[in-house]
Structures are given as structure tokens and as C-alpha cells.
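Okay, so here's the structure we're looking at.
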Amino acid sequence: QVQLLESGGGLVQAGGSLKLSCAASGRTSSNYAMGWFRQAPGKEREFVAAINWSGGNTHYADSVKGRFTISRDNAKSTVYLQMNSLRPEDTAVYYCALRQDGIFLYVSTRRWDYWGQGTQVTVSS
């Protein structure tokens, strides 16, 4: 099994920045992928960004491209999400997820194997 633990959420003003972290532990494969999803009030959980652990390839939702950056620290089994130019519509619970096979292009929540508990990000106007 794999466990994921998110951290770094908080309250920021519009235009500000925030960096999220998610550490993976347990029986991860040698080439896995990790991603970030978010769920805003009254909306379905949506894809934000993902990265492949082996090659570091990235994939972003159009809504965050150019503002958010996903990265990883292989030694720490940790994925990060640097969020800049935050907007009130970015307010959501942010979840990290992991796929054991390293495929990182899936945007459907059903395609991901493990999930963290989520961390709240609130952006004020």
C-alpha cells in the first residue's frame, strides 16, 4: 500500500503564492506518477497537474498553466505544487494522487490509485 500526506495549504490574498507538498510512503513502484487535483465548493474534483517520477514530464490543466508549477524530489518521494498569481477561483481542497504505472496524462480521478487527505487552499479577493 501507499500513503500520501499533503501539506502547505493556507489562506492567501489574490495574486499571492503558495507551495503545496505531498510525500509518498509505502510500497511505491520504481516508476510512478504523482498529481494534484482540487475540489472547489459545489464542484467535482478536477485535475490540476501531474508529473512522471522517472522522466519528470509534466501535464497541466489549462486553467493553471503558466501560474502553477509541479515538481518532484525523487530522493524524498515528494511532489510539490508551486502556485503563483492565485485567484479566488483557485479556492479548493487540493489532493495529491499517485499512479503506480507512471502514466501521468490521465485527468480522470478514476485513473489514479492512491489519494491523500487533502489540504485547504483559500484565496481571498
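Among A24, A92, A75, determine the one that fluctuates most according to a GNM of the chain built with springs between C-alpha atoms less than 10 Å apart.
Of the options given, A75 has the highest mean-square fluctuation.
At a 1.4 Å probe radius, carbon and sulfur cover how many percent of the accessible area of the chain?
Numbers: 2830 of 6410 Å².
Whole-percent figure for carbon plus sulfur exposure: 44.
Given the options Y32, Y80, Y95, state which has the largest fluctuation in a GNM of the chain using a 10 Å cut-off (strictly under) for Cα springs.
Y32
Could you work out the equivalent-ellipsoid semi-axes for the chain, taking the square root of 5 times each eigenvalue of the Cα gyration tensor, largest first, in whole Å?
Numbers: eigenvalues 106, 37, 36 Å².
Semi-axes (√(5λ), whole Å): 23, 14, 13.
Can you work out ³J(HN,Hα) from phi for every residue in segment 24-39, in order, using Karplus 6.51 cos²θ - 1.76 cosθ + 1.60 and θ = phi - 60°, giving whole Hz and x for Gly and Pro?
With the stated coefficients, segment 24-39 comes to 9, 9, x, 8, 6, 6, 7, 9, 10, 10, 10, x, 10, 10, 9, 9 Hz.
On the first, second and third principal axes, largest extent first, how far apart are the outermost C-alpha atoms of segment 13-80 in Å?
Between the extreme Cα coordinates on each principal axis of segment 13-80 lie 36, 23, 20 Å.
For segment 83-95, take each phi angle, set θ = phi - 60°, evaluate the Karplus expression 6.51 cos²θ - 1.76 cosθ + 1.60, and give the result in whole Hz per residue in order, putting x for glycine and proline.
Couplings: 10, 10, 6, 5, 10, x, 5, 7, 4, 5, 8, 9, 10 Hz.
The values are calculated or read from the model by the stated rules, or taken from the named source; none is laboratory data. Note that this is a predicted model, so its numbers are computed, not measured. Accessible surface is based on the protein model in full, side chains and every heavy atom, while ligands, DNA and RNA are left aside. Shrake-Rupley method; radii C 1.70, N 1.55, O 1.52, S 1.80 Å.
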